[in-house]
1. Tell me the per residue accessible area of region B:15-143 using a 1.4 Å probe; a whole number in Å² is fine.
2. Which value, in square angstrom to the nearest 100, describes the accessible area buried between chains B and A on both sides, using a 1.4 angstrom probe?
3. For chain B, what's the relative contact order in percent, using C-alpha pairs closer than 8 Å and at least 6 residues apart?
4. Give the accessible surface of chain A per residue, rounded to a whole number of Å², with probe radius 1.4 Å and ligands, DNA and RNA excluded.
5. For region A:47-68, which residues drop by 30 square angstrom or more in accessible area between the chain on its own and all protein chains together (1.4 Å probe)?
6. For region A:1-57, what does the relative contact order come out to in percent, with C-alpha contacts under 8 Å and a separation of six or more?
7. How would B:E254, B:E230 rank on accessible area, largest to smallest, probe 1.4 Å?
8. Relative contact order, percent, of region B:182-233 when contacts are C-alpha pairs under 8 Å separated by at least 6 residues?
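The values are calculated or read from the model by the stated rules, or taken from the named source; none is laboratory data. These numbers were taken from a predicted model, which means no experiment stands behind them. Glycine gets a Cβ as well: all are built from the backbone with ideal geometry, and neighbour counts include every protein chain shown. Accessible surface is based on the protein model in full, side chains and every heavy atom, while ligands, DNA and RNA are left aside. Shrake-Rupley method; radii C 1.70, N 1.55, O 1.52, S 1.80 Å.
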Amino acid sequence: MKLSLNGEPRELDDGATVSAAVEAAGAEPAAGGIAVAIDGEVVPRSQWGQTPLREGQQVEVLQAVQGG
Amino acid sequence: MSEPKPPFELAGRALDSRLILGTGGFRNLSVLAEAAAASGARVATVALRRVDPSARGSIADVLREGGLELLPNTAGCYTARDAVATARLAREALESDWVKLEVIGDDRTLLPDASELLEAAATLVGEGFAVLPYTNDDPVLARRLEDVGCAAVMPLGSPIGSGMGICNPYNIRLIVEQASVPVILDAGVGTASDAALAMELGCDAVLLASAVSRAEDPPAMARAMRLAIESGRLAFEAGRIPRRLYGEPSTPSEGVPELHSRP
């Protein structure tokens, strides 16, 4: 399926979950300090493994960086 | 010496430093770690951005190893909607319920958007966040932010990163006088005397980033800020003398000898 991952068009396997998107973004799903939004809504970490992705979604995988 | 004062308390956390370190602008994480240690800060702000697979090291690890707690911000948000979404993501990422709420209204001055800020603050307080809003130095807006339940108010001294110091100390004083939550001077500090002035005006703490991170020697400036904030606070608590137009001798005027015979 095609979706947007951190602003880039990406192709992920059908049936892929949020965890797969976190890995595809270059993050380690087990590491702390990461948050995921799909179409602007937070997906809690506890649901990454069970939440399937869908065609056309906007997935953002975020982490803490220097700022403020 | 008077009794030791209770520590500074912010959003239910007792802190032994009144300096909150912003982490933007440091050349790298090791300079940040060194400056953070020299500053004595117990809290440091972080932003949330897209994962960068090429990034080396984790700022969260560096700060936590240094004994600092992370305060996420909503930097880069221009609407209440974006700021609220960012705060929710930060809560998920960092597993903490506090947020430095920043809603910018103008990309040149980086001044806050008052109406979006107030709306976002009310929403986030309703969702259980401890909201620390970066606000204009407007006493009325500060009161409105306190009324909707913010855990502190954080007026700017001058625009973010400008280094112009405290442009309107009278407004900061008014905000301090009326507030029943901590007042944290946030933005505009350029050098140590600016931070000392904030504390002398009665602010509870100072949040600064660029003044340290972009200084020629960030760890040295971090130490300067630490000392300035400590001495400014001491001066505030000690109670300064009033300003007078004319001189007031500190030496007694009685008992002055006559040393020459009168003509």
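1. 41
2. Roughly 2000 Å² of accessible surface disappears when B and A pair.
3. This gives 18 percent for chain B.
4. 49
5. Correct list: A:L62, A:Q63, A:A64, A:V65, A:Q66, A:G67, A:G68.
6. 43
7. Listed by decreasing accessible area, they come as B:E254, B:E230.
8. Computed over region B:182-233, the figure is 45 percent.
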